[in-house]
Amino acid sequence: MARGIHPAILSQGGLGPALRSLARRSAVPVELDLELPRDRLPEQVEVAAYYVASECLTNAVKHAHARVVKVRAGIEDGVLELVVRDDGVGGVETGRGSGLIGLVDRVEAIGGKLELGSPPGAGTTLRARLPLDAPLTDG
């Protein structure tokens with residue numbers, strides 16, 4: 001996605017309100033646990049985190065047949081940690097689907113890391129660690 005193209009709520013309110021909006025619009029119930037500062041995070045970090053959460057919610061509905069998704073976000077040691085966990089079918093393979101590949105690219109472009117755990121029959125957990133001092137990027 002090109003630089004500067006992201007939802008208005010993210011631009012206007014920041015990551016917390018944007019994640020709450022995603023949760024409200026989700027076709028599957030979402031439990032949020034947000035421990036975010038009042039101050040805005042760097043734009044590239046907010047955008048990456050938003051798209052990670054959005055893609056995970058889409059996948060939970062479309063592929064995992066989840067009944068509930070838990071989203072946790074907080075800051076520790078200069079890193080935003082975003083964890084999205086569903087109770088779906090699991091068995092996700094990282095090499096399949098452009099959505100996950102795109103997330104890996106987006107997260108790594110700002111010096112972050114993405115971890116995926118998805119044992120068959122046990123749901124999927126995706127953890128993104130995004131440094132707050134992330135380098136500026138074009139996407």
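Read the figures in this text as sums done on the coordinates, not as results from a lab. Predicted model, so just to flag it, every value in this text is computed and none were measured. Cβ coordinates were reconstructed from backbone atoms using ideal geometry, including for glycine residues, and neighbour counts include every protein chain displayed.
Where does each of Val83, Val47, Val61 land when they are ranked from fewest to most other beta-carbon atoms within 10 angstrom?
Details: Val83 19, Val47 26, Val61 16.
Lowest to highest Cβ neighbour count: Val61, Val83, Val47.
If each residue's Cβ is checked for other Cβ atoms within 10 Å, how do Ile110, Ile75, Ile101 rank with the fewest at the top?
Values: Ile110 20, Ile75 15, Ile101 12.
Final ranking by Cβ density, sparse to dense: Ile101, Ile75, Ile110.
For Arg72 and Arg127, compute 0.36 nm times the residue count separating them, minus their Cα-Cα distance, and round to one decimal in nm. Please report the intermediate quantities before stating the final value.
On the way: separation 55, 0.36 × 55 = 19.80 nm, distance 0.95 nm.
Length gained between Arg72 and Arg127: 18.9 nm.
With everything on Cα atoms, drop me the angle between helix 15-25 and the longest principal axis of the chain, reported from 0 to 90° to the nearest 10.
For helix 15-25, the angle is close to 30 degrees.
Based on the Kirkwood radius over alpha-carbon pairs, what value in µm²/s does the Stokes-Einstein equation return for the translational diffusion coefficient of the chain at 10 °C and 1.306 mPa s?
106
Which ³J(HN,Hα) values, rounded to whole Hz and listed in residue order, are derived for the range 118-133 from phi using the Karplus coefficients 6.51, -1.76 and 1.60 in 6.51 cos²θ - 1.76 cosθ + 1.60 with θ = phi - 60°, glycine and proline given as x?
8, x, x, x, 10, x, 10, 10, 10, 10, 10, 10, 10, x, 6, 9
Measuring from label point to label point, each 7 Å out along Cα→Cβ, what is the Lys62 to Glu35 span in nm?
Label at Lys62, label at Glu35, 3.2 nm between them.
If you line up the Cα atoms of the range 44-113 on their principal axes, what length do they span on each, largest first, in Å?
34, 23, 17
If you take every residue apart from Pro17 with its C-beta less than 13 Å away from the C-beta of Pro17, what net charge results, scoring Lys and Arg +1 and Asp and Glu -1?
Working: positive: Arg20, Arg24, Arg25, Arg38, Arg40; negative: Glu46.
Computed value for this residue: +4.
At a Förster radius of 35 Å, what calculated FRET efficiency corresponds to the Cβ-Cβ distance of Ser21 and Asp105, to the nearest 0.05?
On the way: r = 24 Å, r/R0 = 0.70.
Working from the Cβ atoms, E equals 0.90.
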